[in-house]
Amino acid sequence: MRRPRLIATACLAALALAAPVGAYEAITVKDGGTVTGVVRLVGTPPTLSPIPVNKNRDVCGEHKASEALVLSADRGVKGSVVLVEALLVGPDRGVRDTVVMIEGVTRGKKGTGDVIVDNRNCVFVGHVTAVVPGDRVRVRNLDPILHNTHGYLGQPTVFNLALPNKDQMIDITKRLGKPGVVRVLCDAHPHMFAWMLVHDSPYVAVTDAAGAFRIGDVPPGTYKVTMWHAGFRPKGNDKDGRPLYDEPRTVTKELTIAPKATATVEYELR
């Protein structure tokens, strides 16, 4: 099992990837290896106020909790989770909804995922998703009210979807042709936000409730492996009352993956 060499520390910038999605080639991977690891929080999570709801309160409620007052395992309650809208910290300080991606893989396994981002109870589920070549990607409304799901890749709009009907679903697969970080908002409800990371290969994962991840069938070689997490320290609100946070964090490490072997990498989120 090989340990990584740190080549770049956290930077406060949104991750931008240059290669077009279409450059990736799906092949049969022989003697592929596996990358596993965990992302852990260092320091104290922020304390956030509830986010007020300004529309459709009969469906959405008066506010959405930005922090659930539940103790984490290191404060004496085994298996509990501290929940912040922009930060999910579980037992052993593992961080959920962190994206980990292997960079520079141009030939490898085929992506076959089915990604659905739901408008449910006036929040986005999932809050963080990863999209890769070969995935089918859709946005769905599970509420009996209008949601307008709007995705931005930087400043440009990549999708802008009016979803007035319950159970309505729109396919956006062809609109996600460029890698990068898409910020997802609801134009009708400023308290709603999510993130969609479009990667240029299927070698990407979103951490689970324990902060763990696994990426399999990796062609042997040496790669840069990057962690991305949305900003989570509050910076006030915009003109529409939408909560603002500091810039996303990225950390990149170099990792060698041997044939049929497992390499482990750990990250600290600060």
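Run the reach check for K178 against lysines, Cα to Cα strictly under 30 Å, same-chain hits fewer than 8 apart removed. What comes back?
K30, K109, K110, K166, K224, K235, K239, K253
Take the solvent-accessible surface of the protein heavy atoms, probe 1.4 Å, and return the percent of it on the stretch 156-270 that carbon and sulfur atoms account for.
47 percent
Can you work out the accessible area per residue across the stretch 164-223, with the rest of the protein chains kept in place, probe 1.4 Å, in square angstrom?
Heavy-atom accessible area per residue stands at 38 Å².
When all protein chains stay in place, what accessible area (Å², nearest 10, 1.4 Å probe) is found for H229?
For H229, the solvent-accessible surface is approximately 0 Å².
How do K224, K64, K110, K239 rank by accessible surface area computed with a 1.4 Å probe, from largest to smallest?
Largest accessible area first, the residues go K239, K110, K224, K64.
Under 12 Å from the Cα of K260, which aspartates and glutamates turn up, not counting those fewer than eight places away in the same chain?
List returned: D31, D217.
Which far-off residues, 5 or more places away or on another chain, put their amide H under 5 Å from the one on V105, with H placed in the peptide plane?
none
Extension gain L244-D167, at 0.36 nm per residue separation less the Cα-Cα distance, in nm?
Taking L244 through D167 to full extension adds about 24.8 nm, to one decimal.
Which number comes out as Rg/Rh for the stretch 110-228 once both Rg and the Kirkwood Rh are worked out on C-alpha atoms?
0.99
Report the FRET efficiency, 1/(1 + (r/R0)^6), for T28 and T256, where r is their Cβ-Cβ distance and R0 is 35 Å, rounded to 0.05.
That gives a FRET efficiency of 0.95.
How much of D240 can a 1.4 Å solvent probe reach, expressed as accessible area in Å² and rounded to 10?
80 Å²
Non-local amide H neighbours of T262 (under 5 Å, H modeled in plane, Pro and chain starts lacking H): which ones?
Result for T262 returns T34.
Suppose the chain between S49 and E266 were pulled fully straight at 0.36 nm per residue; how much longer would it get relative to their current alpha carbon spacing?
75.0 nm
The values are calculated or read from the model by the stated rules, or taken from the named source; none is laboratory data. None of these values were measured; they are calculated from a predicted model. Here the Cβ is made from the backbone with ideal geometry for all residues, glycine too, and neighbour counts use every protein chain on show. Heads up: the accessible areas ignore ligands, DNA and RNA and are worked out on the full protein's heavy atoms, side chains in. Shrake-Rupley method; radii C 1.70, N 1.55, O 1.52, S 1.80 Å.
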